[in-house]
Amino acid sequence: ESRFGLTEGQTAVLGRAADALRTEREQIGRLDTLVAIGHESRVRLAEQDLLQRAVRRVADGFGGDGVRVGLLGGGHLRFPDELATDPSWLVGADVAQRVEASVGERGGMEPVTLDEAILACPLTVKDKPAGVLLTRRRNGFSERDRSLFASLASQLSMGMENARLYHQLDGLFRVYMSPDVATALLADPEQAALGGAVVEVTALFADLRGFTGFSERSTPEEIVVMLNQYYEHATTAILHEGGTVVQFVGDALMALFNAPARQDDHPVRAARAALAM
């Protein structure tokens, strides 16, 4: 004050302005974190990787706030240490029960203040409870804070839903088409629309020489083991070239190239797959 010739009132005004500026900068940093997490929620990531990245970003961008992610399994919440900014913050059974009850009562949609220090924001998949985002802060939560963490929970929910969808698609299509073809269909679903399209394709047919004689002198268990080994190698060769397995019939299989996703070099791809088999 004496150095710059300021009165007490002027000093107080400058102090409040500095506090407001610091708060705005913190808010901008947190919004940047939300944007980054939102971007990663749209990227093809495994659910665990997505959540771990989000927690790391929150630890860097949200300052001293403690955050833990709880996941619903078997009707109960579990809180993995790797999904916490501060693993030493242990969520007791009483808190977990209160969270489960609160989430259930509200349909898993609205943030819940457990006390002045903990805010619980439900994580949802297809509008169903899937977990919870817990945030701990000593000074409580303003309405602005509640909106911010609700947005963060919404971003994480979207990422979890995408990750689980990708996982399901991989499980459904991994045996029949390559990841590149599956991704192309996600990006352009009309390529697999009902009714189809008239295009030139290359079909690959394969079966096992001598299979009839082998099956007559082998047990059913031996036949199954052999066929599983054969199909594993055959489908690997086909999927490596971007082909799609259409059907298995006994010891025979049929695969297509240039369908459902377009491939300009489909005859060469089919030939390479056949040679590899």
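The values are calculated or read from the model by the stated rules, or taken from the named source; none is laboratory data. On a predicted model such as this, the values are computed, not experimentally measured, just so you know. Note: ideal-geometry Cβ built from the backbone for every residue, glycine included; neighbour counts use all protein chains shown. Heavy atoms of the whole protein, side chains included, go into the accessibility calculation; ligands, DNA and RNA do not. Shrake-Rupley method; radii C 1.70, N 1.55, O 1.52, S 1.80 Å.
The table for this structure:
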read-out: Hey, LEU204 within 26 Å of LEU256 (Cβ to Cβ), in contact with an Asp or Glu (Cβ under 9 Å, 6 or more places away or on another chain) and open to solvent by less than 80 Å² (accessible area, probe 1.4 Å) or not; value: no
read-out: Unmet criterion (only one of (1) open to solvent by less than 60 Å² (accessible area, probe 1.4 Å); (2) at pLDDT 90 or above) for GLU222; value: (1)
read-out: Check on ARG209, in a loop (DSSP other than H, G, I, E, B) and at pLDDT 90 or above; value: yes
read-out: Residues satisfying the stated conditions in region 212-250, i.e. closer than 28 Å to HIS266 by Cβ, in contact with a Phe, Trp or Tyr (Cβ under 9 Å, 6 or more places away or on another chain) and outside any strand (DSSP E or B); value: LEU227, TYR231, THR235, ILE238, LEU239, GLU241, GLY242, GLY243, GLY250
read-out: Those residues of region 227-246 which are open to solvent by less than 50 Å² (accessible area, probe 1.4 Å) and of a type outside the set (Ser, Thr, Tyr), in sequence order; value: LEU227, ALA234, ALA237, ILE238, LEU239, GLU241, GLY242, GLY243, VAL245
read-out: Residues (out of contact with any Ser or Thr (no Cβ under 9 Å at 6 or more places or on another chain) and outside any helix (DSSP H, G or I)) located in region 134-162; value: LEU134, THR135, ARG136, ARG137, ARG138, ASN139, SER142
read-out: Failed criterion for ASP188 (all others in (1) open to solvent by 70 Å² or more (accessible area, probe 1.4 Å); (2) more than 26 Å from ALA276 (Cα to Cα); (3) at pLDDT below 90 hold); value: (1)
read-out: When residues of region 251-277 are limited to those that are part of a loop (DSSP other than H, G, I, E, B) and in contact with a His (Cβ under 8 Å, 6 or more places away or on another chain), the one most open to solvent (accessible area, probe 1.4 Å); value: MET277
read-out: Residues (more than 29 Å from the chain's Cα centre (by Cα) and modelled with pLDDT of 90 or more) located in region 232-251; value: HIS233, ALA234
read-out: Region 108-147 - residue that is surrounded by 22 or more Cβ atoms within 10 Å (Cβ to Cβ) and in contact with a Lys or Arg (Cβ under 7 Å, 6 or more places away or on another chain) and, of those, farthest from ASP86 (Cα to Cα); value: LEU119
